[in-house]
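Have a look at the structure below before the remarks.
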Amino acid sequence: MATIILIHGAWHGAWCWNKVSERLRDLGHVPLALDLPGHGDNPKPLSAMTIDRYAAYVCAVLEEMDGPALLAGHSMGGMVISQAAEAMPDRVQGLAYICAVLLGNGETLQDAEYADPDSRLAGNIGFTPDGSEVTLNSEAITELFYHDCPTEDAARAASLLCRQSAAPFATALHTSAENYGRIPRYYVECRNDRVLTPSLQKRMYTHTPCEQVFPLDCGHSPFFAMPDELTAILDKIANGDS
């Protein structure tokens, strides 16, 4: 059995993993769903919401553990687990990207090759006047993130979304073959995703190859839409059965 650290994406918090955490625990794993700085029950100033500070928070958790953990990141959380793995490769068993941002060294999500013209997110986000915060069109939240999720989950999730710093989206990752490159990577491809479209997900895991790609027929929130199937995938990765 494994310790599995679950990292949420932009605007979200540890609460999005509740169903998956419960299922992983039933299988004998130790799931740790974290609230990144400035999210959920980890209040911090907006300026604290950077990829480096997110990754440093994950590394602090890894330092306190007795052995390595599987890091699972959703959406923007993919950038966080990549940077944390670079910093502490000996503490990371593997990396699971769940319809997540998967970049190479020196790349940012704003690089031209990662342009996603079919994403519905672009037309439903904005920025505060000083450019420090990415805002969401509240009327489009369910359509973007939870269109195939149970109504109760979608409503609760929409009520819990928090402010999101713009900095992580323009931050370049710094990874190396010696550290990050030696950790096995896995990708969970969500084929009905309206935020990170399947074409973008494929470009990312093709450019930065993974040990295995696991397809799910759902949107951007598999932890609500297909928690059993997502749990089974994480269990398989954690047990080395992939």
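The values are calculated or read from the model by the stated rules, or taken from the named source; none is laboratory data. Quick caveat: nothing in here was measured; it's all calculated off a predicted structure. In this analysis, Cβ positions are derived from the backbone assuming ideal geometry, glycine residues included, and neighbour counts consider all displayed protein chains.
Specify the residue that is nearest to Pro227 (Cα to Cα); the eligible residues are those in segment 1-58 that are acidic (Asp, Glu) and modelled with pLDDT under 95.
Here the answer is Asp41.
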Original post:
Considering only helices (runs of 4 or more DSSP H) fully contained in segment 126-242, which possess at least 1 residues that are in contact with a Phe, Trp or Tyr (Cβ under 7 Å, 6 or more places away or on another chain)?
Top reply: 151-160, 198-207, 222-225, 227-238
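Condition check ((1) of a type in the set (Lys, Arg); (2) under 15 Å from the mean Cα position of the chain (by Cα); (3) assigned to a helix (DSSP H, G or I); (4) more than 18 Å from Arg156 (Cβ to Cβ)) across all residues:
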site	(1), (2), (3), (4)
Trp11	no, yes, no, no
Cys16	no, yes, yes, no
Lys19	yes, no, yes, no
Arg25	yes, no, yes, yes
Ser47	no, no, yes, yes
Ala60	no, no, yes, yes
Asp66	no, no, no, yes
Leu70	no, yes, no, yes
**OP:** Look at Ser21 and say whether it is more than 23 Å from Arg91 (Cβ to Cβ) and of a type in the set (Ser, Thr, Tyr).
**Re:** no
**OP:** Would you please name the residue that is farthest from Asp111 (Cα to Cα), looking only at residues in segment 171-195 that are of a type in the set (A, V, I, L, M, F, W, C) and out of contact with any strand residue (DSSP E or B) (no Cβ under 8 Å at 6 or more places or on another chain)?
**Re:** Ala177
Original post:
Do we have any residue at all in segment 134-151 that's of a type in the set (D, E, K, R), more than 30 Å from Asp90 (Cβ to Cβ), modelled with pLDDT under 95 and crowded, with 16+ Cβ neighbours inside 10 Å?
Top reply: no
Original post:
Of the residues in segment 70-93, how many are out of contact with any His (no Cβ under 9 Å at 6 or more places or on another chain), surrounded by fewer than 24 Cβ atoms within 10 Å (Cβ to Cβ) and either aliphatic (A, V, I, L, M) or within 15 Å of Gly181 (Cβ to Cβ) (or both)?
Top reply: 4
Original post:
When Leu109 is evaluated against the numbered criteria (1) assigned to a strand (DSSP E or B); (2) crowded, with 18+ Cβ neighbours inside 10 Å; (3) not acidic (Asp, Glu), which criterion, by number, is the only one it fails?
Top reply: (1)
Original post:
Does segment 80-99 contain at least one residue that is modelled with pLDDT under 95, assigned to a helix (DSSP H, G or I) and not aliphatic (A, V, I, L, M)?
Top reply: no
**OP:** Just need a number here: residues in segment 1-19 that are hydrophobic (A, V, I, L, M, F, W, C) and closer than 13 Å to Gly73 by Cα.
**Re:** 8
Original post:
Does Asp35 satisfy being buried (at least 17 other Cβ atoms within 10 Å of the Cβ) and charged (D, E, K, R)?
Top reply: yes
